[in-house]
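S.K.: Sharing a structure with you now.
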Amino acid sequence: MKENAAEKAKKKFIRDIYVNREYSWLQFNKRVLDQASDATNPLLERCKFLSIFASNTDEFFMVRVGSLYNEMLSGPNVTDNKTQLTPAKQLAGIMAVVRKQYKNRASVYVKLRGELSKAGLRILTGEDLTPRQKEECKKYFVSRVVPLLSLMVLDAKHPMIRFENKKNYLLCDLEKDGRGMIGVMYVNPAADRLYRIGYGNKVKLVPVEELLKTFCGLAFSGYTVRRKMMLRVTRNADFDTRVDDTDVEHDFSEIMKKKIESRARMGVVRLEVDDMSSPLCAFVLNQLNLDSSHCFEEPHFFDYKFFFSLGNYFPEEQAAQLRYPPFRGKIAEELKEAGSLIEYVRNRDVYLSYPYDSMTPLIELLDECSKDSRVLSIKITIYRLAGHSRIVDALCRACEHGKQVTVVIELCARFDEENNLHFAAKLQEAGCTIIYGMENYKVHSKIISIVLKEGEEIGYITHLGTGNYNESTARQYTDLNIITADRKIGEDAVAFFRNIAICNTDHVYQKLLVAPETLKPGLLALVEREIEKAKNGGRGEIVAKMNSLTDKTIIDKFVEASRAGVRIRLIIRGICCLLPGVPGKTENITVRSVVGRFLEHSRVYCFGGEEDRVLYISSADLMTRNTDKRVEIAAPVEDKEIAEKIFEYLTVMLADNVKARELCPDGKYRPAAAGEVALDAQEYLLRS
């Protein structure tokens, strides 16, 4: 049987025990698309998974494909350190795999469209419209869409326009007085994405793209439209965020604003069209100087963002049946009843597991600290924030009450730069001290340091987490948090912020492992401990949960541990560059991925058995960018009750046989073996 291009690409992407990073990410996104077809998910949730898949693909091209383009220009013969592929070979393989995924995406959309129709909502094309519906849509187009159109006919005075990143355009092959021309049409994003025809029991929606294709001739009055084609370009977004830290005359926020603006002018890495056979497609490829391998046909929509709003068109009761059951994160009764969260934390550690637990206790703790006379300072790292941030509001209030508030806000958090610039200005205006990171390392740590003084006694409260201080994602991402009054951790936290302020990475902390200096060596030492146990006849054991595993040094250490007999169980949602189950090399390693209702985001590193278990929660994945190029924290979990809860959480994830997929020695992810009882880990944790 002849191999297709995607299968050939897969073979190139796997070498011995290593899997190429880009291919592994594409496999992860396939698992997202699989959820759009999974009938155990409610219909509207499946629609969201299709939208997420498309959005993920967009970001992959802007960032990862963009990065490979840059590498191909700067070092075309440089190979990745695991599969030895050059940038050009990686790009060729990516295009083959993605092309197959486009076909699968289109197939998933057709099925979802059919199911939506059965549920009472029809998404219509121009060809579906009856004469009466067509007349109604025509009137709407003329009155509500045409005023928002930008039009151009290309000639000597109107040269080819520069297509903006991820914006939809309609290209028309026009004729006037026997002369052929090209017309370009762009609709302002302010235009409604969907037009509803009538208001009967059956909902009928016409996307604006269909209105453009059906009625574009009305906008190009005086011309005959011979052909038309929808298109969208994706531009490279991988710009260099490094700066000269000796330059004290320029504000880094102003430098970042200019770099963000440069994205709109960067090179094209992908062209999407609704008809690759059209002569218009060849025309655009030539104008963009883009190879046809980077062009993809999408007959329906280039993005599916409107799928998130489809529930608004159903009756409330029906929409509820087509979604996951609503829930609210819990607040433990003892926290609700605590007269003072400051006093509560000073007596015992607090454990919060998002989204199953609410973020409210942390926000209320900050509010209490903002008013408590004993609190001298609050310091926090910020990477991503919600659109309206109660965390920021609490920090501003603390400033108003005279507290010293220091905010380390990362302006290089990709695609959140503008949001962070906005909040940095707001916090600075409120009186906070703002620090824009540390040298050329991204500060990705999740830590709050609160210093109190009562009499002559200095006390500490420290929050350490695996996820962002973002109220929105705390309801959608799984993340673990510990709030502690441990003195040594508190002293470490104070030292951490001091080192950020003076750009010092060369510091050994009492309890915290901090990248780029001590996190990787600390974790490798714990792996070595398990190796020595196994070599001496004991039972070496490692359980770890993360988003991605790409760091070759750590991968090779895991392989060494597997060969020594250490049992390694990895829960990795996304990229995994380690191939498990290879005889004599990784046969003691298992890898599973869980993609479900919530985005698995927590990082946990656990070493040893019940008698000598060492457990860390961390902001860091085991990726080279995290371990060597970012400021990250791994915090030990020393409270035995909390450690038991976290290990139980890992055990549940390892037992999932509904959403879990296991990475096999041939490089494919397959459903976890079914058990006597079906167990969806996230649903189980929601109920418990």
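The values are calculated or read from the model by the stated rules, or taken from the named source; none is laboratory data. Because the structure is predicted, anything quoted here is derived from the model rather than measured. In this analysis, Cβ positions are derived from the backbone assuming ideal geometry, glycine residues included, and neighbour counts consider all displayed protein chains.
S.K.: Among the residues in segment 669-676, are any closer than 25 Å to residue 557 by Cα, crowded, with 18+ Cβ neighbours inside 10 Å and under 24 Å from the mean Cα position of the chain (by Cα)?
M.R.: yes
S.K.: Related question: In segment 132-147, which residues are surrounded by 13 or more Cβ atoms within 10 Å (Cβ to Cβ) and not acidic (Asp, Glu)?
M.R.: 133, 134, 137, 138, 140, 141, 142, 144, 145, 146, listed by residue number.
S.K.: Select from segment 448-472 the residues that are outside any loop (DSSP other than H, G, I, E, B) and touching an Asp or Glu at 6+ places or on another chain (Cβ under 8 Å) and write down the one among them that is farthest from residue 378 (Cα to Cα).
M.R.: 465
For (1) in contact (Cβ under 8 Å) with a residue 24 or more places away in the chain; (2) more than 29 Å from the chain's Cα centre (by Cα); (3) closer than 18 Å to residue 462 by Cβ; (4) buried (at least 19 other Cβ atoms within 10 Å of the Cβ), each residue gets a yes or a no:
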{"residue": "370", "(1), (2), (3), (4)": "yes, yes, yes, yes"}
{"residue": "380", "(1), (2), (3), (4)": "yes, no, yes, yes"}
{"residue": "411", "(1), (2), (3), (4)": "yes, no, no, yes"}
{"residue": "441", "(1), (2), (3), (4)": "yes, no, no, yes"}
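S.K.: Then there's this: Quick one: residue 599 ticks every box in (1) hydrophobic (A, V, I, L, M, F, W, C); (2) over 20 Å from residue 447 (Cβ atoms); (3) in contact with a helix residue (DSSP H, G or I) (Cβ under 7 Å, 6 or more places away or on another chain) except a single one, so which number is it?
M.R.: Checking residue 599 against (1) hydrophobic (A, V, I, L, M, F, W, C); (2) over 20 Å from residue 447 (Cβ atoms); (3) in contact with a helix residue (DSSP H, G or I) (Cβ under 7 Å, 6 or more places away or on another chain), the one that fails is (3).
S.K.: Right, next: Checking residue 568 against (1) within 25 Å of residue 496 (Cα to Cα); (2) in contact with a Phe, Trp or Tyr (Cβ under 7 Å, 6 or more places away or on another chain), which single condition isn't satisfied?
M.R.: Answer for residue 568: the failing condition is (1).
S.K.: Specify which of the listed residues (126, 200, 120) is in contact with a helix residue (DSSP H, G or I) (Cβ under 6 Å, 6 or more places away or on another chain) and within 27 Å of residue 43 (Cβ to Cβ).
M.R.: 126
S.K.: Which members of segment 544-570 meet the condition of being among the polar types (S, T, N, Q) and under 30 Å from the mean Cα position of the chain (by Cα)?
M.R.: Passing the criteria: 547, 548, 550, 553.
S.K.: At pLDDT 95 or above, part of a loop (DSSP other than H, G, I, E, B) and not assigned by TED's automatic domain parsing to the domain that holds residue 609 - does that describe any residue in segment 532-550?
M.R.: No; the residues of segment 532-550 include none that is at pLDDT 95 or above, part of a loop (DSSP other than H, G, I, E, B) and not assigned by TED's automatic domain parsing to the domain that holds residue 609.
S.K.: Somewhere in segment 183-201, is a residue more than 21 Å from residue 276 (Cβ to Cβ) and of a type in the set (Val, Ile, Thr)?
M.R.: yes
S.K.: Which condition from (1) in contact with a helix residue (DSSP H, G or I) (Cβ under 9 Å, 6 or more places away or on another chain); (2) more than 19 Å from residue 26 (Cα to Cα) is the one that residue 99 breaks?
M.R.: Failing condition for residue 99: (2).
S.K.: Taking segment 73-105 on its own, how many of its residues are in contact with a Ser or Thr (Cβ under 8 Å, 6 or more places away or on another chain) and among the hydrophobic types (A, V, I, L, M, F, W, C)?
M.R.: 5
S.K.: Report yes if residue 493 is under 21 Å from the mean Cα position of the chain (by Cα) and outside any strand (DSSP E or B), otherwise no.
M.R.: Judged against the criteria, residue 493 is not a match.
S.K.: In segment 25-62, which residues are under 18 Å from residue 272 (Cα atoms), of a type in the set (Phe, Trp, Tyr) and either surrounded by fewer than 18 Cβ atoms within 10 Å (Cβ to Cβ) or in contact with a helix residue (DSSP H, G or I) (Cβ under 6 Å, 6 or more places away or on another chain) (or both)?
M.R.: Once the filter is applied, which keeps residues that are under 18 Å from residue 272 (Cα atoms), of a type in the set (Phe, Trp, Tyr) and either surrounded by fewer than 18 Cβ atoms within 10 Å (Cβ to Cβ) or in contact with a helix residue (DSSP H, G or I) (Cβ under 6 Å, 6 or more places away or on another chain) (or both), segment 25-62 yields only 53.
S.K.: What strands (runs of 3 or more DSSP E) completely inside segment 156-210 contain at least 1 residues that are among the hydroxyl-bearing types (Ser, Thr, Tyr) and surrounded by 18 or more Cβ atoms within 10 Å (Cβ to Cβ)?
M.R.: Hits in segment 156-210: 169-176, 179-187, 194-197.
S.K.: Quick check on this structure: which one of 587, 638, 560 is assigned to a loop (DSSP other than H, G, I, E, B), free of Cβ contacts under 8 Å to residues at least 40 places away in the same chain and surrounded by fewer than 22 Cβ atoms within 10 Å (Cβ to Cβ)?
M.R.: Of 587, 638, 560, the one residue that is assigned to a loop (DSSP other than H, G, I, E, B), free of Cβ contacts under 8 Å to residues at least 40 places away in the same chain and surrounded by fewer than 22 Cβ atoms within 10 Å (Cβ to Cβ) is 587.
S.K.: Further question: Grab the helices (runs of 4 or more DSSP H) fully contained in segment 328-415, keeping just those with 3 or more residues being among the charged types (D, E, K, R).
M.R.: In segment 328-415, the matching helices (runs of 4 or more DSSP H) lie at 333-337, 360-371, 390-400.
S.K.: Next question. Would you say residue 602 is touching a His at 6+ places or on another chain (Cβ under 6 Å) and either closer than 20 Å to residue 653 by Cβ or crowded, with 23+ Cβ neighbours inside 10 Å (or both)?
M.R.: So residue 602 does not fit the description; no.
S.K.: Checking the structure you have, find out if any residue of segment 116-135 is in contact (Cβ under 8 Å) with a residue 40 or more places away in the chain and within 25 Å of residue 290 (Cβ to Cβ).
M.R.: no
S.K.: Among the residues of segment 267-322, how many are surrounded by 15 or more Cβ atoms within 10 Å (Cβ to Cβ), in a loop (DSSP other than H, G, I, E, B) and either not hydroxyl-bearing (Ser, Thr, Tyr) or not assigned by TED's automatic domain parsing to the domain that holds residue 210 (or both)?
M.R.: Counting residues in segment 267-322 that are surrounded by 15 or more Cβ atoms within 10 Å (Cβ to Cβ), in a loop (DSSP other than H, G, I, E, B) and either not hydroxyl-bearing (Ser, Thr, Tyr) or not assigned by TED's automatic domain parsing to the domain that holds residue 210 (or both) gives 12.
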